[in-house]
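Readers should treat all values here as calculations from the given coordinates under stated rules, not as data from a laboratory. Since we're looking at a predicted model, the values are computed, not measured. When we count neighbours, we look across all protein chains shown, and the Cβ atoms used for this are built from the backbone with ideal geometry, even at glycine.
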Amino acid sequence: MDFLADELEDLCKKGLYRRLVSMTATRGTRSLIGGKECLILSSNNYLGLTHHPEVMRGARAAINEWGAGSGGSRLTTGNLSLHEDLEREIARFKGTERAITFGSGYAANTGVIQALTGKEDVVLGDFLNHASIIDGCRLSRAHFLVYRHRDMEHLEKLLKESQGYRRRLIVTDGVFSMDGDMAPLPDIAVLAERYNAFVMVDDAHATGVYGKRGAGTADHFGLDGQIMVQMGTLSKALGSAGAYVAGSARLIDYLVNRARSFVFSTAPAPAAVGAALAALRLLQEQPEIRERLWENALFFRKGLKKMGYQVPEEDSPIIPVIVGDNDSTMKMAGSLLEEGVYAPGIRPPTVPPGTGRIRITLMSTHTREDLDWALSAFARAGKKAGVI
Ligand SMILES: Cc1ncc(COP(=O)(O)O)c(C=O)c1O
């Protein structure tokens, strides 16, 4: 087993070794790290719902009624009417015929792509797609073509060159997880129509955040009914765990039969389902929670720009601060942590080589004082690291 030590040492040399940071307590925007209270500025809990009293109540009520686990896969002994309630609510929210839940976003992406495509097919994906999409393509054994990030001319070229396949699936993150920019979904839908392909969007970071109703990127662009497969997570803005796929009744029926990560995996735990249901209802009843998130995102982006940080123009609750090489990225993250701000460094393979970054995310529950203080920490840490 010497290879373990060798490979770990190699990761250290390349500045790619990862270690777990332990949080001994966490509550909303604050966590205890190494005994020190830190402001969390990189969570996917965009709306702060993980600790919302109603969401926590939803989880407790589900445990009281259904127990701690679901006891089996959905097709055996684990199919609770609670799962079906959540799926009906998701379908209503998304404006689709039906929805289906998975244990995680990773499981949803791998399961769906594997179910929908095979050796005779081709999947066309954005260069910055999430790793779970790439793994789904590998599992499916479909041909896999990558187009340059958001480059529609390149996608069209690949569509022209791939006419001979049985099926063609275009798959993209709706909002790119490490960059915060959006996929040009209307253009993708037009190309899909023109070249007889079908589209899958991963709305992990858009669900609950983007769109008039917070229903994701199709909602944002007014593309209802045009995106055949809409995947999203329950683990980010919805503050729980798990994922969904929303689409036609036939698609969902097919996935129930063919998505291996659905068929061969235990149904989501009642607490996670109960929490997601409560979060989904809350999000629709209280749009002001989302509005606060966008106000915070705008405020923080402006503050960073004023200080001399190069940040993307596109408004998003995800703000990448590109540092560059791995060591400098980790040093910047370390300086921030010393200041009491937890925003971990992101390195390859999560992002392309040379684009190491601090991935900032805002939350609805950050206060103006939190953000003013975080900006002053970024001013000091950025100067120390030579980023500004
Ligand atoms: C774009 C995207 N898709 C899928 C996932 C996987 O979701 P989960 O964490 O629920 O497995 C994530 C994040 O983790 C993501 O950022």
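If residue 88 meets every condition in (1) within 16 Å of the ligand (Cβ to nearest atom); (2) surrounded by fewer than 20 Cβ atoms within 10 Å (Cβ to Cβ); (3) not aliphatic (A, V, I, L, M) apart from one, which number is that one?
Here residue 88 clears every test but (1).
Need pairs with beta-carbon distance below 7 Å; first residue assigned to a helix (DSSP H, G or I) and within region 364-388, second among the acidic types (Asp, Glu); sequence gap 6+ or separate chains.
377/339; 380/339; 381/339
Residue under question is residue 329, and the condition is that it be touching a strand residue (DSSP E or B) at 6+ places or on another chain (Cβ under 6 Å) and not in a strand (DSSP E or B); does it hold?
Yes: the conditions hold for residue 329.
Does any residue in region 320-332 that is more than 26 Å from residue 182 (Cα to Cα) and touching a residue at least 24 places away in the same chain (Cβ under 8 Å) come within less than 8 Å, Cβ to Cβ, of a residue that is aliphatic (A, V, I, L, M) and assigned to a helix (DSSP H, G or I) six or more places away or on a different chain, and which pairs are these?
Close Cβ pairs (under 8 Å, with a partner that is aliphatic (A, V, I, L, M) and assigned to a helix (DSSP H, G or I)) amount to 328/385; 331/385; 332/381; 332/385.
Restricting to region 223-247, count the residues that are small (Gly, Ala, Ser), part of a strand (DSSP E or B) and more than 10 Å from the ligand (Cβ to nearest atom).
Matching residues across region 223-247 total 2.
Just need a number here: residues in region 143-161 that are within 20 Å of residue 228 (Cα to Cα) and part of a loop (DSSP other than H, G, I, E, B).
Residues that pass the stated criteria total 1.
Identify the residue in region 162-194 that is among the polar types (S, T, N, Q) and assigned to a loop (DSSP other than H, G, I, E, B) and, among all such residues, is nearest to the ligand (Cβ to nearest atom).
Restricting to residues being among the polar types (S, T, N, Q) and assigned to a loop (DSSP other than H, G, I, E, B), the top hit is 177.
Filter region 1-40 for residues that are of a type in the set (D, E, K, R) and in contact with an Asp or Glu (Cβ under 6 Å, 6 or more places away or on another chain) and give the result.
Scanning region 1-40 gives a single hit, 30.
Check off (1) more than 20 Å from the chain's Cα centre (by Cα); (2) away from the ligand (no atom under 16 Å from the Cβ) for residue 265 and give me the number that stays unchecked.
Single failed check for residue 265: (2).
Which of the residues that make up region 195-210 are within 16 Å of the ligand (Cβ to nearest atom) and assigned to a loop (DSSP other than H, G, I, E, B)?
Matches in region 195-210: 203, 204, 205, 206, 207, 208, 209, 210.
Conditions tested, residue by residue: (1) away from the ligand (no atom under 16 Å from the Cβ); (2) under 18 Å from residue 203 (Cα atoms); (3) in contact with a Pro (Cβ under 9 Å, 6 or more places away or on another chain).
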site	(1), (2), (3)
67	yes, no, yes
102	no, yes, yes
107	no, yes, no
139	no, no, no
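Please indicate, with yes or no, whether at least one residue in region 37-59 is more than 16 Å from the ligand (Cβ to nearest atom), more than 25 Å from the chain's Cα centre (by Cα) and over 29 Å from residue 351 (Cβ atoms).
Taking every residue of region 37-59 in turn, none turns out to be more than 16 Å from the ligand (Cβ to nearest atom), more than 25 Å from the chain's Cα centre (by Cα) and over 29 Å from residue 351 (Cβ atoms).
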